[in-house]
Structure formats: C-alpha cells, structure tokens
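A short write-up of the structure that comes next.
The values are calculated or read from the model by the stated rules, or taken from the named source; none is laboratory data. Given the structure is predicted, the values throughout are model-derived calculations rather than measurements. Quick reminder, even Gly has a Cβ in these numbers, built from the backbone with ideal geometry, and neighbours come from all protein chains shown. The area values use the complete protein model at the heavy-atom level, side chains included, leaving out ligands, DNA and RNA. Shrake-Rupley method; radii C 1.70, N 1.55, O 1.52, S 1.80 Å.
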Amino acid sequence: LIILGIAIQSLILSTISFIPLFIVDHFNVNEEAAAALLALFFSAGLWAGPLGGYLSDHLGKIPVILVSSLAAGPIIYLLNLAPYSWGISVVLLILGMSMHMSMPVIESYIVSQTSERNRSTMLGIYYTGSRGGSGALAPVLGYLIDRLGFYTSFTTIGAILLVVTLGCSIFLWGSRD
C-alpha cells in the first residue's frame, strides 16, 4: 500500500507541476489564467479528503484507495483530450479529487496496520516518498515533455500509474481494511 500511495501522490503532483505550461502551450491561454486553473485541483482537497474518509468508514479503506488510484491514470491521460474551459476544469477537479480522497485513507491504513513502535517510521517513509517523489520525478517528466511532448508524457505517466495500481491491487484485493 505504501508503494501505491507513493506512486499516486508523486505521479499526480509531478504532473500537476506542468499543467500551467501545458495549458499555455496547448490552448494559447495567458499564464495567469493557466495558473489559476490549479485552484480547481487543490480545491478538491477541501471536500474530497472528508468524502474519502467517510467512504472508507463505510466501504473499507482498500476499495476507496483502489478506486481513486484506478481513476487517476485514465484521468491523467484525459488531460490530452479535454477541451479548454469546462473540459480541462472537470479533469483537474476529478484528478484533485482522486489524489485528495486517497490521502487520509492511506494514512489511516498505515496507522491501523503498523505497530505503535514503527508507526512514525512508516508514516515518515510514506511522506518522504509521496511528497519528495514528486520533486524527484518532476525533472524526469520535464525531460520527457521536452523530448516527446505533453501528449506522450501524460499518456506515459497515466499508464505507469495504472500499471502500478493494477500490480498493487493483486496484493490488496479482497481486503476491506
């Protein structure tokens, strides 16, 4: 689960770093308007986190984590196809929802599955990988964008996230905790 949590957080956050540039280049929008669209992504944290917690209390932690992770890969790919204005806005909102829904659920799962003695260490590993991972991946994604373009790069990131989620789901499937 920690691998999946780190993957979803770091891949989405590294992708989000390039959204204003993508919108400026792809839609010929001014920099201010492009950067303002990031507010849609981050605003999802205000309500998607509590919604994820509520759903995990009623459906289980693993189903919520898997559904939000499975949605993230295709949503990143949809950045390539969404039209400007309402289309890109909806995609950014759903992508933010996917990331922010899983955050408190993953943390809760780590706390519930780890001994009290190792809890802080495991959370530290998760936070380092998920927050620091995006910083490490951003230059790699930037290089891919420079060499291959946004379409191929977003498709690759979405596919990687989908493969990691499917791989991790083999070990997590059937668990409701």
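What the table below lists for this structure:
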item	result
Semi-axis lengths, Å, the stretch 49-125, gyration tensor of Cα atoms, sqrt of 5 times eigenvalues	30, 13, 9
Most mobile listed residue (SER98, SER115, SER130) in the chain, GNM with C-alpha springs under 10 Å	SER115
Pairwise FRET efficiency - SER89 versus TYR151, Cβ, R0 = 25 Å, nearest 0.05	0.80
Percent accessible area from carbon and sulfur atoms, the stretch 1-107, protein chains only, probe 1.4 Å	72
Per residue value of the accessible surface for the stretch 78-177 (all protein chains in place, 1.4 Å probe), Å²	54
Rg ratio (alpha-carbon, reference 2.2 N^0.38 Å) - the chain	1.03
HN-Hα J in Hz across the stretch 125-130 - Karplus 6.51, -1.76, 1.60, θ = phi - 60°, x for Gly and Pro	5, 4, 5, 4, x, 6
Taking the convex hull of Cα positions in the stretch 77-160, its mean projected area over all directions (nm²)	6.4
From phi via Karplus (6.51, -1.76, 1.60), per-residue ³J(HN,Hα) for the stretch 145-151 in Hz, x at Gly/Pro	5, 4, 8, 10, x, 5, 4
Cβ-based charge dipole, the chain, positive-most Cα from THR114, LEU38, LEU1	THR114
Order of exposure, largest accessible area first, which applies to GLU107, GLU116 with probe 1.4 Å	GLU116, GLU107
